[in-house]
Amino acid sequence: MNAISPQRLSSQRRLPIVIVGHVDHGKSTLVGRLLNDTGSLPEGKVEAMREMSRRRGMPFEWSFVMDALQAERDQGITIDTTQVRFQTATRPYVIIDAPGHKEFLKNMVTGAASADAALLVIDVTEGALEQSRRHAYLLHLLGVRQVAVVINKMDMCDFSEARYHDVAKGILGYLEEIGVRPSAVVPISARHGNNIVTRCKHMDWYSGPTVAEALDNFLPPKSLTDQPLRFPIQDIYKFDERRIIAGRIESGALAVGDTLTFSPGGRTAKIVTIESWNEPEARTQAVAGQSVGITLDQQIFIERGHIAARAEARPIETHSIRVNLFWLGHEPLVVGRSYILKLGTAEHDVTVQAVERVIDVEDLSGRGGDRVERNGVGEVVLHSRSTLVVDDFGDFSRTGRAVLVDGYDVVGGCIIQKPKTDEMPAHNLIATAHTLTAEERSISNGHQGGILWLTGLSGSGKSTLAMGLERELFRKGVQICALDGDAVRQGLNVDLGFSPEHRSENIRRVAQVARLFAESGMIVVTAFISPTRADRAIAREIGGSFFHEVHVAADLDTCETRDAKGLYKKARTGLIPEFTGVSAPYEAPVNPELVLDTGKISAEGSLADLARYTELALIRPARRGSKTKAV
């Protein structure tokens, strides 16, 4: 084994290794001995443990290196996963010692899910028991493809080559059935350090690698930075005028100026700055594994659980997913039950739509059914009313995993395989072009399509004007539709609240709907407070040449005096937080197409001015055969 420089060792990414196997088959002893024989233990550690054992009147065990909890020493079993760093002469590692006892399978799954390779430990005197096979299947389920088998306690069978081959044949046959091909099957005696780092003279019949050599033969982990970008949003913070989107980059890299696409929804924006903490200079880029904040060039609707990616390599958006599932709940998973699916930083209410196959980990037989029992494995279809943003585990392991939660308990681990065939990723949708042209619609209707975006404080008269214009122009044969804020929130946007992010999304959705109506040749008049210039700028961008901003400019005193809905009174007493004009700001338009001051002009006069503007901007140009927008 050729040693490499300490500087190069320290710069290498540590290969995470999980140690699994049946309880009492010697996993912790193996790890303790491996740490000692590679010189990875602090000086004096072994002597201190020997002295501790002497004081407690018990024989020294190498497993004490890992079994750090008092409860574990008392019971002689590993309860929790423990992570310890060490290195051979070739490269650095982090070893995850996972529990083997059946009651602690949840901890074993947690440990294995973060590993790139595994050692499966088997007691030569007992062979591959049910729990050993279960652990092997879980490694396969969790996508750990690099595996070496360690057959321990060879001193208990007098280092018998025949017994070694017998046990090896049994586990190799099982692993082959589940598609796992171990790189080595190493006979060892962990207690005595045989074939851990140093070869054993009692097993000169074995010519394969030692445990340390088997570890060094594993392929290094793939660089996460070289993979497509996945940036799950953890939270959104507001500092000064900045709106910082924070999260941890799971894969890929990002830089100032990059255009990101946020899923679900497909909204795009450019990175203006990359924010970090306790760094003297501003960053211009960030890579996988780093937690950062970013600011964008526009205020699009983003919330916790969304994922940023490149437009050309977006995750899948779907409502149904097929998963391989390991069930840990005390009660069985059954068809029709609802659980919470935690997927990255997102949480979704999901329902078990089908149990397609229940797998017997002993003989790998499969059967249909409507439930998965505790510690069982199944292929399950989950359905969500909200949009799931997922990746196939085979393509992106870090965003292809999820857990199911029942109440406050994690009850299942999921590996996402692929979306159902009747689901289509949103970025594969292509709108069908209309055969009717805007000019044809304009000639038929006698007017152009357009969006009259009425903005102003509550009580300024927006809804009155919108409904009045709808009635007035309808009598003249105009194709017109009024969209009122309260009505839209009771239907289309019933899922949105009143946070700044939800208000922005409310405006974005309305603008999209208004654009569709306008493209069909209708005049759409909207009545929305839309208090921020940024939100109205997004609406204008969506509306394009159809968009006309109308400021219904009654002052606050006038609006509060009217207070037809009693909202100002509630806001003043604190019953309505973040109420525009009282406890939240209203940003008046800078250059609207039309201003109507309903505090100075009567309702009839304001309606007449609005109708006159609509006539000049949208109706007369069509009758003259003009395609241009009148202003």
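Considering segment 465-482, the residues that are under 43 Å from the mean Cα position of the chain (by Cα) and of a type in the set (Gly, Ala, Ser) include one that is surrounded by the most Cβ atoms within 10 Å (Cβ to Cβ), namely 466.
The rows are residues; the columns are (1) in the same structural domain as residue 394 (by TED's automatic domain parsing); (2) at pLDDT below 85; (3) part of a helix (DSSP H, G or I); (4) of a type in the set (S, T, N, Q).
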position	(1), (2), (3), (4)
120	no, no, no, no
125	no, no, no, yes
143	no, yes, no, no
147	no, no, no, no
155	no, no, yes, no
180	no, yes, no, no
207	no, no, no, yes
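Within segment 237-255, the set of residues being farther than 24 Å from residue 399 by Cα and either in contact with a Ser or Thr (Cβ under 7 Å, 6 or more places away or on another chain) or part of a strand (DSSP E or B) (or both) comprises 238, 239, 242, 243.
When residue 74 is tested against (1) surrounded by fewer than 17 Cβ atoms within 10 Å (Cβ to Cβ); (2) part of a loop (DSSP other than H, G, I, E, B); (3) at pLDDT below 60; (4) acidic (Asp, Glu), exactly one condition is not met: (2). Pairing each residue of segment 220-234 that is in contact (Cβ under 8 Å) with a residue 60 or more places away in the chain and closer than 18 Å to residue 345 by Cβ with any residue that is surrounded by fewer than 21 Cβ atoms within 10 Å (Cβ to Cβ) and β-branched (Val, Ile, Thr), provided the two are 6+ apart or on different chains, yields C-beta distances under 6 Å for 232/345; 234/345. Of the helices (runs of 4 or more DSSP H) that lie entirely inside segment 436-494, those containing 1 or more residues that are at pLDDT 90 or above, on the phi < 0 side of the Ramachandran plot and of a type in the set (Asp, Glu) span 462-474. Residues in segment 556-573 that are over 38 Å from the mean Cα position of the chain (by Cα), free of Cβ contacts under 8 Å to residues at least 60 places away in the same chain and surrounded by 14 or more Cβ atoms within 10 Å (Cβ to Cβ): 570, 572.
Tell me, please, whether a residue that is in contact with an Asp or Glu (Cβ under 9 Å, 6 or more places away or on another chain) and surrounded by fewer than 18 Cβ atoms within 10 Å (Cβ to Cβ) can be found in segment 574-583.
Taking every residue of segment 574-583 in turn, none turns out to be in contact with an Asp or Glu (Cβ under 9 Å, 6 or more places away or on another chain) and surrounded by fewer than 18 Cβ atoms within 10 Å (Cβ to Cβ).
The set of residues from segment 122-175 being basic (Lys, Arg) and either surrounded by fewer than 20 Cβ atoms within 10 Å (Cβ to Cβ) or under 28 Å from residue 397 (Cα atoms) (or both) comprises 133, 134, 145, 163, 169.
The values are calculated or read from the model by the stated rules, or taken from the named source; none is laboratory data. Everything quoted here is computed from the prediction, not taken from an experiment. All Cβ positions, even for glycine, are placed from backbone atoms using ideal geometry, and neighbour counts span all protein chains on display.
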